[in-house]
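See below for the structure under consideration.
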Amino acid sequence: MSLYSEKVMDHFRHPRNVGVIEDADGVGEVGNAKCGDIMKMYIKVENGILTDVKFETFGCGSAIASSSMATEMIKGKPISEALQLTNKAVTEALDGLPAHKLHCSVLAEEAVQAAVLDYYKKNNIPYDEAQFKCALCAHEHDHDGENV
Amino acid sequence: MFVYADHAATTKLRESAARVYAETAAAYYGNPSSLHTVGQKAQEKLTECRERIADLLGADAREIYFTSGGSESDNQAILSAASFGARKGKKKLISTAIEHHAVLHTLNKLQKEGFEVVLLPVGENGIVSPADVENAIDENTALVSVMLANNEIGTIQPVEEIGEICRRRGVLFHTDAVQAVGHIPVDVKKIGCDYLALSAHKFGGPKGVGALYVRRGAPLSPLIEGGAQERGKRAGTEDLPAIAAMTEALRASIADMGATDALLRKLQDKLIDGLSKIPHSILNGDRVRRLPGNTSFCFEGIEGESLLLLLDDKGVCASSGSACTSGSLDPSHVLLAIGRVHDVAHGSLRITLGEENTEADVDYLLQVIPEVVAYLRGMSPVWRDLQTGKRQFIL
Ligand SMILES: Cc1ncc(COP(=O)(O)O)c(C=O)c1O
Ligand SMILES: [Zn+2]
């Protein structure tokens, strides 16, 4: 199918870091089944570094590929860097997504933030709320609504 | 292995129809509206096609109007009946929640223009109740529009009963028969409809051509103004090769219907039995009152698009809800109408088989679909929550 780029299809067909971390230091789940995509991110943290990242996704090709790409982009990186991850960066790394699929990639950015936030909370680490805009407001995603 | 299992979206052009298309394009290049011999020869061919299509539907040739397909036919029928009703002060339009968008969006437009639109619910079996139609009709009702067979879940509606009610109550009745014509017997007199829409590409004909049956005496106004083609009701030089190919496709489909039906029912039984073995899955639509080629399922814990992409990788072309719905993020209105909640409706799969499919195709489908469903469930946080009891199974 040519709806998606080769990169997207590669990550969709061979998702990196899929699975669960049983003793995760932080877990974040975003999205809801009503809108059609749910992403769950598990992180392992050592000295402020994301030593391991895994994900589970219920969703479309775009959602699965975005989660996979996001885990690759943050794995081994310091938390501070992971928090800078934007859906724009994920989308670009995937060589773009169809316009009506962009919202699925927002979930990847939110899932990373949600997992880090969970880690901070569990360990009583003080954090700047401004950094977790997305994860805290748990906003509903815009839907295109109408058919083509 | 390659299995085309999306015949409800469109069908491959039949070989005999392709041949007729080429022959007609070469031999009948004249404009049917031209007075000269070449034009008149085309006119004769057009008349012959109209007569044959009429015959195949139990209609009169004067009741057949050629159009660009199902969407145009639906639009023209509904808009004609609505404007006729409005002139008599009747502004209520009755339809169902499971119609194709060609019907629903036309009704939406009319609603914005001041019509009252009532969309009747369907049961969990995906079938509308004739009693609900009867109860909804009042003295302001201009039109009842109920599809013959649903494009997503294949359910066959009680159109003969509804036709009888409409005749008795003096209300115009339109049926979108796009998914039914060429697949199950369709006789306009038996149905007792005033309008019936059909589309060639659903039964082995070309894309972009269809017809509208309009009972003699039923109101009809043109959507396209211009020349006097189609007795002044549809301007534009006729696509004669397409019309001739559609005629051949319909003839052949009806001639083969008995054998095709027997094959497809057998494949459908096997497919439904096999897919039902996937835990936490459910067939959409009535088990018996459905098109022979249509098998629609929901699988809990997964999402339909990823399912389609992985099946495509395995050579299986299927769909999730209507092909026309693919740009929308909301799950199919038909699945919601039969009571599938959002979570479940997202995990839908529509397999629609045609006469070229074989038992080996079904064996293959029954091998790859459970595999792909299991794989996607394995990476689904929803499935994990269902397994661990954090979330309750719906199916
Ligand atoms: C029930 C139904 N009505 C109308 C249409 C529209 O037909 P066409 O594609 O010929 O415009 C379709 C095709 O998707 C259909 O399935
Ligand atoms: Zn999505």
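Inside segment B:203-227, residues that are open to solvent by 70 Å² or more (accessible area, probe 1.4 Å) and either farther than 26 Å from B:F84 by Cα or not in a loop (DSSP other than H, G, I, E, B) (or both) make up a count of 1.
Would you mind stating whether B:L107 is within 19 Å of the chain's Cα centre (by Cα) and within 27 Å of B:R287 (Cβ to Cβ)? So B:L107 does not fit the description; no. In the set (1) in contact (Cβ under 8 Å) with a residue 60 or more places away in the chain; (2) part of a loop (DSSP other than H, G, I, E, B); (3) within 10 Å of chain A (Cβ to nearest Cβ), B:S306 fails one condition alone, (2).
Hey, among the residues in segment A:40-57 that are crowded, with 24+ Cβ neighbours inside 10 Å and among the hydroxyl-bearing types (S, T, Y), which one's nearest to ligand 2 (Cβ to nearest atom)? Step by step, filter segment A:40-57, then rank; the result is A:T57. Restricting attention to segment B:1-41 and to residues that are assigned to a helix (DSSP H, G or I) and charged (D, E, K, R), the residue that is most open to solvent (accessible area, probe 1.4 Å) turns out to be B:E15.
Of everything in segment A:58-77 that's part of a loop (DSSP other than H, G, I, E, B) and within 16 Å of ligand 2 (Cβ to nearest atom), which residue is nearest to A:K101 (Cα to Cα)?
The extreme case among them is A:C60.
Applying a threshold of 7 Å to beta carbon distances and a minimum spacing of six or more residues, or different chains, the list of pairs starting in segment A:46-64 at a residue that is of a type in the set (K, R) and ending at one that is part of a strand (DSSP E or B) and away from ligand 1 (no atom under 16 Å from the Cβ) reads A:K54/A:V18; A:K54/A:Y42. Number of residues in segment A:10-56 that are within 26 Å of B:G315 (Cβ to Cβ), within 8 Å of chain B (Cβ to nearest Cβ) and in a loop (DSSP other than H, G, I, E, B): the value is 2. Listed by first and then second residue, the pairs linking a residue in segment B:87-116 that is within 14 Å of chain A (Cβ to nearest Cβ) and within 12 Å of ligand 1 (Cβ to nearest atom) to a residue that is open to solvent by 50 Å² or more (accessible area, probe 1.4 Å) and of a type in the set (A, V, I, L, M), with Cβ atoms under 9 Å apart and 6 or more places separating them unless they lie on different chains, are B:E99/B:L119; B:L104/B:L119.
Tell me, please, whether a residue that is touching a residue at least 24 places away in the same chain (Cβ under 8 Å), within 11 Å of chain A (Cβ to nearest Cβ) and not β-branched (V, I, T) can be found in segment B:359-370. For segment B:359-370, residues touching a residue at least 24 places away in the same chain (Cβ under 8 Å), within 11 Å of chain A (Cβ to nearest Cβ) and not β-branched (V, I, T): absent. Taking first residues from segment B:160-173 that are over 15 Å from B:R216 (Cα atoms) and partners that are modelled with pLDDT under 95 and surrounded by 15 or more Cβ atoms within 10 Å (Cβ to Cβ), no Cβ contact under 9 Å between residues at least 6 apart in sequence or on separate chains turns up. Taking B:P381 as the residue in question, decide whether it is over 23 Å from B:H183 (Cβ atoms), under 20 Å from the mean Cα position of the chain (by Cα) and within 14 Å of chain A (Cβ to nearest Cβ). No; evaluated as a whole, the condition is false for this residue.
Does B:L335 satisfy being within 16 Å of ligand 1 (Cβ to nearest atom), in a helix (DSSP H, G or I), within 14 Å of chain A (Cβ to nearest Cβ) and not acidic (D, E)? Here the answer is yes, as B:L335 does meet what is asked. The residues of segment A:17-39 that are charged (D, E, K, R) and surrounded by 24 or more Cβ atoms within 10 Å (Cβ to Cβ) amount to a single one, A:D37.
Yes or no: A:V116 of a type in the set (V, I, T), within 15 Å of the chain's Cα centre (by Cα) and not in a helix (DSSP H, G or I)? For A:V116, the condition - of a type in the set (V, I, T), within 15 Å of the chain's Cα centre (by Cα) and not in a helix (DSSP H, G or I) - is not met. Being within 16 Å of ligand 1 (Cβ to nearest atom), more than 22 Å from B:F393 (Cβ to Cβ) and in contact with a Ser or Thr (Cβ under 7 Å, 6 or more places away or on another chain) is a description that applies to B:G293.
Filtering segment B:42-63 to residues that are more than 15 Å from B:D239 (Cβ to Cβ) and open to solvent by less than 60 Å² (accessible area, probe 1.4 Å) leaves B:T47, B:A54, B:L56, B:L57, B:G58, B:A59, B:D60, B:A61, B:E63. With respect to the stated conditions, A:K7 fails to be surrounded by fewer than 17 Cβ atoms within 10 Å (Cβ to Cβ), at the interface with chain B (Cβ under 10 Å from one of its Cβ atoms) and either more than 19 Å from B:V372 (Cβ to Cβ) or in contact (Cβ under 8 Å) with a residue 60 or more places away in the chain (or both). Among the residues of this structure, B:E248 does not count as one that is open to solvent by less than 40 Å² (accessible area, probe 1.4 Å), within 28 Å of A:Y4 (Cβ to Cβ) and either within 14 Å of chain A (Cβ to nearest Cβ) or of a type in the set (D, E) (or both). In the set A:A82, A:A115, A:A93, A:A99, only one residue is away from ligand 1 (no atom under 16 Å from the Cβ) and closer than 23 Å to B:I302 by Cβ; that residue is A:A115.
B:T295 meets all of the listed conditions (1) outside any helix (DSSP H, G or I); (2) touching a Cys at 6+ places or on another chain (Cβ under 9 Å); (3) buried (at least 23 other Cβ atoms within 10 Å of the Cβ) but one, namely (2).
The values are calculated or read from the model by the stated rules, or taken from the named source; none is laboratory data. This one's a predicted model, so the numbers in the text were calculated from it and none came from an experiment. Cβ: placed from backbone, ideal geometry, glycine included. Neighbour counts: every protein chain shown. Surface accessibility is based on the protein's heavy atoms, side chains included, excluding ligands, DNA and RNA. Shrake-Rupley method; radii C 1.70, N 1.55, O 1.52, S 1.80 Å.
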